[in-house]
Amino acid sequence: MKKIISAVLAGAMMCSAAVAFAGCGGSKNDSSSKTDDSKSATSDSASTNDEATADSAGANGTLHMATNAFFEPYEYYENQKIVGIDAEIAEAVCDKLGYSLVIDDMDFDSIITAVQSGKADFGMAGMTVTEERMQAIDFTDTYTNAIQVIIVKEGSDKVKSSEDFATSTIGVQMGTTGDIYVTDFEEKGAVVERFNKGADAVLALTQDKVDAVVIDNEPAKAFVAQNEGLTILEEPFENEEYAICVAKGSELTEKINGALKQLKEEGKIDEIIKKYIKA
Ligand code: GLN
């Protein structure tokens, strides 16, 4: 999978620009944007946010994070609040930088546009660093890695590995690296069904509308745990790296990298990941 690159984790980090301000705001999830519709992904501060540009990121002491909150354990709803690894890392980054955090939920496919237009200050959604995305937005240093896996119905012999994609119907979440991966198989005969949510792809699998779903490993485990009769194939795909995306040229990249560096050194990133992913 050539389009997916492995970002370098260590060595190239910017020097820390992060200063922890006393009394910085806590985070809140924006319940007004708790829908899957990117149109409603603005918040109670929408009027000021509408004028936002890459240069005015965080102008109101608030950073808006664009995400798709159906991606457990990275971002998902618990008691109407968006929780998960990304939500907690974002909160820790904002605390370090002295901003309060508002999370705007939208389709995965809308996140990059929201960040480009300044409607959101950054995007964090288990988002893999890819060369193609780097044409549109900047990525911070990476904070964790992932693998694409194949989910199938238990006992089904239709898809035993990606070798069988050419004769199968594969479900993916639109615009994801899973989508990019299976798109390569379309010319070999694979039928690709693209869904707005990973959960919809998995639902289609349980209803025999697709033969397999390609998605990131940790959400895959969560889906398999929630849906009886599904299993993850052994075959591992390319390793991927997750990072936060920001508008091209935004000074937020350096600030966030500074905060991430501190959080890594303090063991906070590992602590958050271990809280949601049991070894
Ligand atoms: N890691 C995948 C990507 O970046 C999927 C992310 C997601 O569905 N939230 O495309």
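Would you confirm whether any residue within the range 172-181 is open to solvent by 50 Å² or more (accessible area, probe 1.4 Å), within 10 Å of the ligand (Cβ to nearest atom) and in contact with a strand residue (DSSP E or B) (Cβ under 7 Å, 6 or more places away or on another chain)? The answer is yes, given that some residue of the range 172-181 is open to solvent by 50 Å² or more (accessible area, probe 1.4 Å), within 10 Å of the ligand (Cβ to nearest atom) and in contact with a strand residue (DSSP E or B) (Cβ under 7 Å, 6 or more places away or on another chain). Within the range 239-249, not a single residue is acidic (Asp, Glu), within 12 Å of the ligand (Cβ to nearest atom) and in contact with a Gly (Cβ under 8 Å, 6 or more places away or on another chain).
Among the residues of the range 70-101, the ones that are among the hydroxyl-bearing types (Ser, Thr, Tyr) and surrounded by 23 or more Cβ atoms within 10 Å (Cβ to Cβ) come to 2 in all.
Go through the residues of the range 192-212 one by one and say whether even a single one is on the phi > 0 side of the Ramachandran plot and touching a helix residue (DSSP H, G or I) at 6+ places or on another chain (Cβ under 8 Å). Checked the range 192-212: no residue is on the phi > 0 side of the Ramachandran plot and touching a helix residue (DSSP H, G or I) at 6+ places or on another chain (Cβ under 8 Å). Being open to solvent by 30 Å² or more (accessible area, probe 1.4 Å), in contact with a helix residue (DSSP H, G or I) (Cβ under 8 Å, 6 or more places away or on another chain) and of a type outside the set (Ser, Thr, Tyr) is not true of residue 135.
Residue 189 falls short of the stated requirement of being touching a residue at least 60 places away in the same chain (Cβ under 8 Å) and on the phi > 0 side of the Ramachandran plot. Residue 129 fulfils the conditions (1) touching a strand residue (DSSP E or B) at 6+ places or on another chain (Cβ under 7 Å); (2) within 14 Å of the ligand (Cβ to nearest atom); (3) more than 24 Å from residue 84 (Cα to Cα) except for a single criterion, (3).
Every listed requirement among (1) open to solvent by 40 Å² or more (accessible area, probe 1.4 Å); (2) acidic (Asp, Glu); (3) within 30 Å of residue 61 (Cα to Cα) is met by residue 104 save one, (1). Under the condition of being crowded, with 21+ Cβ neighbours inside 10 Å and either assigned to a loop (DSSP other than H, G, I, E, B) or of a type in the set (S, T, N, Q) (or both), the residues counted in the range 138-167 number 4. In the range 222-231 there is at least one residue that is away from the ligand (no atom under 14 Å from the Cβ), in contact (Cβ under 8 Å) with a residue 40 or more places away in the chain and out of contact with any Asp or Glu (no Cβ under 9 Å at 6 or more places or on another chain). The residues on offer are 181, 99, 143, and the sole one that is within 16 Å of the chain's Cα centre (by Cα) and aromatic (Phe, Trp, Tyr) is 143. As for the range 252-259, it holds no residue that is in contact (Cβ under 8 Å) with a residue 12 or more places away in the chain and within 16 Å of the ligand (Cβ to nearest atom). Considering the conditions (1) more than 14 Å from the ligand (Cβ to nearest atom); (2) open to solvent by 30 Å² or more (accessible area, probe 1.4 Å), residue 196 is excluded by exactly one of them, (1). Note on the range 107-121: among residues that are of a type in the set (A, V, I, L, M, F, W, C) and more than 23 Å from residue 239 (Cβ to Cβ), the one that is surrounded by the most Cβ atoms within 10 Å (Cβ to Cβ) is 120. When residue 279 is tested against (1) at pLDDT 95 or above; (2) surrounded by fewer than 17 Cβ atoms within 10 Å (Cβ to Cβ), exactly one condition is not met: (1).
The values are calculated or read from the model by the stated rules, or taken from the named source; none is laboratory data. Keep in mind that this is a model prediction, so the values were computed, not measured. Positions of Cβ are generated from backbone atoms using ideal geometry, with glycine treated the same way; all protein chains shown enter the neighbour counts. In case anyone asks, the SASA skips ligands and DNA or RNA and just uses the protein heavy atoms, side chains included. Shrake-Rupley method; radii C 1.70, N 1.55, O 1.52, S 1.80 Å.
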